[in-house]
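What follows draws every value from the coordinates through simple rules; no lab data is involved. The structure displayed is predicted, hence computed values, not measured ones. Quick reminder, even Gly has a Cβ in these numbers, built from the backbone with ideal geometry, and neighbours come from all protein chains shown.
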DNA sequence: ATTTTTTACTTTTGTTTTGCAAGCAAAAAT
DNA sequence: ATTTTTGCTTGCAAAACAAAAGTAAAAAAT
């Protein structure tokens, strides 16, 4: 293979990128929990170590799943934004949620489940679009005019 | 948390179970590549080490994602079968496939992509059902009459 | 303008998970 | 009865992950 991927299988190759303990958790925190800066992530109760966080953010940026922007009037803080490539993992995250609700409550009775999960399950495509739109609206403030002209 | 799960988040909790390097690959090999015995897995080109394979199979069995059966007339070979809990990960695997096709071909141009992926994307629920049915038909031979009476 | 705090990391030092190679006992095939 | 196959386990090296501390630059407070 000799390009870092285990095989030619699309599933295995996807997992070669996001199939570790933290990548999808980071992406989920961005998409659903308003996390956008380095400290946002460190303040989550799902405590990821800062060294791993730094390396995962770098790796995900390298694959174009997220990108860093500087907010205007602050040269220190970085805002991490999901790209289209990252946002297109939304269906994967949704299906993991459905599976969790159906199958792992027996091991973990205290799962925090959205009350509207049944609705989401019946309207997957629509709900997925709304999640992505909501994200983009929330994050629009961080996208400078000059960025907005480029394809994300 | 104190039950082995990182948080109450359904996504994170699903990843606490199948979010490692090999679990979903093993499940994929069972569902799509006819792997059913220990040596079947070891003969795959996605070479998983036997110690890890053994520990993952044990772990997945513990979570009820797969189960072991003895084929009639052979007391040595074990057949590993996906349960309903395992089969219900099919949508996750499908979405990973779609993401792969759309987003990682640029890093991995030689992906083996099914010619019918576009059809699958437009008929997700139907294709998912067919995949599961096909799996069950293929594996029916290993399910003894006595097992078949119990819920899978 | 100087000090303090915040932010975004890096470094160090373990520990755990993964990977490789070999070994092994029971069952099946010859 | 001997050889091969099957389903693992064991021992050790390498890589990933984790906890804690440290650091340098920017921002905020004084």
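Observations, loosely collected:
- Scanning chain B for the Cβ atom closest to the axis that brings B onto A yields residue and whole-Å distance B:95, 3.
- Percent of Cα pairs exceeding the 13 Å cut-off, where the set is segment A:70-125: 71
- Per residue of B:80-92, other chain Cβ atoms within 10 Å of the residue Cβ number 3 on average.
- Where only DSSP H runs of four or more residues are counted, the protein assembly as shown gives -15500 deg cm²/dmol as its mean residue ellipticity at 222 nm, each run worth -39500 (n - 2.57).
- Label zone at residue A:125 (point 7 Å along Cα-to-Cβ), backbone N below 15 Å, segment A:74-99: A:91
- Cα-projected label distance for residue A:142 with residue A:77, points at 7 Å along beta-carbon direction, nm: 1.0
- One quarter of the surface of the convex hull around the alpha-carbon atoms of segment A:104-146 equals 4.8 nm², the direction-averaged projected area.
- Cα centroids of segment B:87-113 and segment B:114-141: 15 Å apart.
- Shielding by partners, peptide B:21-34 (average Cβ within 10 angstrom, other chains): 3
- Size descriptors for the protein assembly as shown (Cα atoms only): Rg and Dmax, in that order, 20.3, 75 Å.
- The value of relative contact order for segment B:1-114, using C-alpha pairs under 8 Å at least six residues apart, is 18 percent.
- Separation of alpha-carbon centers, segment B:40-55 and segment A:14-46, rounded to whole Å: 29
- Along each principal axis, Cα extent of segment A:1-117, largest first, Å: 47, 41, 25
- For residue A:133, label point 7 Å along C-beta direction: distances to other copies, nm: 3.5
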